[in-house]
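The structure under discussion is supplied below as structure tokens; questions concerning it will follow.
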Amino acid sequence: MTTAVAAFVMLAGRLLPTGRREWVEALVAESRAVPDGYRRLAWLLGSLPILVKEVLRMRLTGNPWLPRIAMVAAVLAVAVLTVANMIRYPAITSGFGTVIYSTLLVVVLAVDLGLTVLLTRAGSPAVRYGMLAGLVTAALWTLGTPAGNKFHVSAPWLDALYNAGLVAVFTVPLCVAGWFVARRTGALEQGVLTGIMTGAYAAVANLIGGLILVIALPGRVPFDSDVLRHHQTPADILAGNVGEDLVVFIGLLLLWPMLGALLGTLGGALGAAPRTRPATL
Amino acid sequence: MPRTGFSPQTLSVLAAMAADGERWRHGYELARETGLKSGTLYPILIRLADSGLVEARWEEEQPSGRPRRHLYRLTADGLVQAARAPRPQHGHAGRPAVAT
């Protein structure tokens, strides 16, 4: 039994990079010093949480190619969805700001992609934690904004609660991600970088979500509550969606990372501050 | 920036290794001294090694009839950190080992 478990652990350990595989091999080798039977089996089974944790960490989040591939896929998705919107709604390219916003879109996405490659190459945790926090932020914000506007409520307290929730969704993850990474690394600059990347990834994911919603539900997803309140014809709503609101989405590509720098600094300062109580190392 | 806070389990590992800081230790030996299970001990050793507080190497000579064992000891930074760290509380160190 113990031999079979040891063989399985060694086999599973091969999933890990060399530096981590060595620790699993060490644990298995050490099991030979443990009295045979239940104790040796318990010793070997202790490797399972390590295996699971390391496989998840190294293969899913620690692999530098995964965030790079994800970012390239996101850029491609933006390109395809933008072209699809331009074909479906040719009027969105007729405004005087088209060149400005198109250039802004290309430049910011190129910077985001470049930062992703550079930071993963440097081994910074800002990318993987920023990507995770950014996706959560974007999911809540992208879905929360039109949902709240669609089901617009008249009760002032509920409206205030909803708006406060949106503000929290827009800001808190940037600060928390910066705090978390600074706390793990003890480095303020990693917290700042995480705040920036969280904002950048949230904006890209939000743009993709917006482009999809506009294509899928053009007349029923009024992002701008003012459009819904004062210009309630379908044509006005559609114009609001594919015109003004997409410009806002592109603008967020700049605004969100800048806000992330500010809130990441705040969270990072808190996370990197020396602690007085014992914490898990 | 080096960490200043350690979990009680990490403190017990640091204390066990600092007791004879120059000597290379085996994992099972540390488990017996600290009473930690392998699933707790090894993640601690990994994190301490990642932090530069513990160094690890394999036995140099291949023993007959068993694989080479992994050896651990505190680095100079690890000795400093262990000296600064508070003493482990009872109940985390010196408990009967999982495999005695």
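The values are calculated or read from the model by the stated rules, or taken from the named source; none is laboratory data. Everything numeric here is computed off the predicted structure, so don't read it as measured data. Note that each Cβ is placed from the backbone with ideal geometry, even for glycine, and that neighbours are counted across all protein chains shown.
Could you go through the range A:104-120 and let me know if any residue there is of a type in the set (S, T, N, Q) and buried (at least 19 other Cβ atoms within 10 Å of the Cβ). Give the steps one after another, and end with the answer.
Residues of the range A:104-120 that are of a type in the set (S, T, N, Q), as a first pass: A:116, A:120.
Keeping just the survivors that are buried (at least 19 other Cβ atoms within 10 Å of the Cβ) gives A:116, A:120.
So far as the range A:104-120 goes, yes, one or more of its residues are of a type in the set (S, T, N, Q) and buried (at least 19 other Cβ atoms within 10 Å of the Cβ).
Here's another thing I want to ask about it. Within the range B:1-40, can you find the residues that are within 12 Å of the chain's Cα centre (by Cα) and among the acidic types (Asp, Glu)?
The answer is B:Asp20, B:Glu29, B:Glu33.
Go through the range A:1-41 and give me each residue that's within 10 Å of chain B (Cβ to nearest Cβ) and basic (Lys, Arg).
Correct list: A:Arg20, A:Arg32, A:Arg39, A:Arg40.
Next up: Can you name every residue in the range B:1-50 that is closer than 23 Å to A:Arg184 by Cβ, at the interface with chain A (Cβ under 7 Å from one of its Cβ atoms) and hydroxyl-bearing (Ser, Thr, Tyr)?
Of everything in the range B:1-50, those that are closer than 23 Å to A:Arg184 by Cβ, at the interface with chain A (Cβ under 7 Å from one of its Cβ atoms) and hydroxyl-bearing (Ser, Thr, Tyr) turn out to be B:Thr4, B:Ser7, B:Thr10, B:Tyr42.
Name the single residue that is nearest to A:Phe8 (Cα to Cα) among those in the range A:28-54 being in contact with a strand residue (DSSP E or B) (Cβ under 8 Å, 6 or more places away or on another chain) and surrounded by 20 or more Cβ atoms within 10 Å (Cβ to Cβ).
Of the residues in the range A:28-54, the ones in contact with a strand residue (DSSP E or B) (Cβ under 8 Å, 6 or more places away or on another chain) are A:29-30, A:33.
Pick out the ones that are also surrounded by 20 or more Cβ atoms within 10 Å (Cβ to Cβ) and you get A:29-30.
Values: A:Ala29: 13, A:Glu30: 16 Å.
Per the criteria, the residue is A:Ala29.
Within the bounds of the range B:54-61, is there any residue that is within 12 Å of another protein chain (Cβ to nearest Cβ) and within 12 Å of the chain's Cα centre (by Cα)?
Within the range B:54-61 (the criterion being within 12 Å of another protein chain (Cβ to nearest Cβ) and within 12 Å of the chain's Cα centre (by Cα)), the answer is yes, since at least one residue qualifies.
Filter the range B:68-87 down to the residues that are within 10 Å of another protein chain (Cβ to nearest Cβ) and either modelled with pLDDT of 85 or more or crowded, with 17+ Cβ neighbours inside 10 Å (or both) and list them by number.
Correct list: B:Arg68, B:Arg69, B:His70, B:Leu71, B:Tyr72, B:Gln81, B:Ala85.
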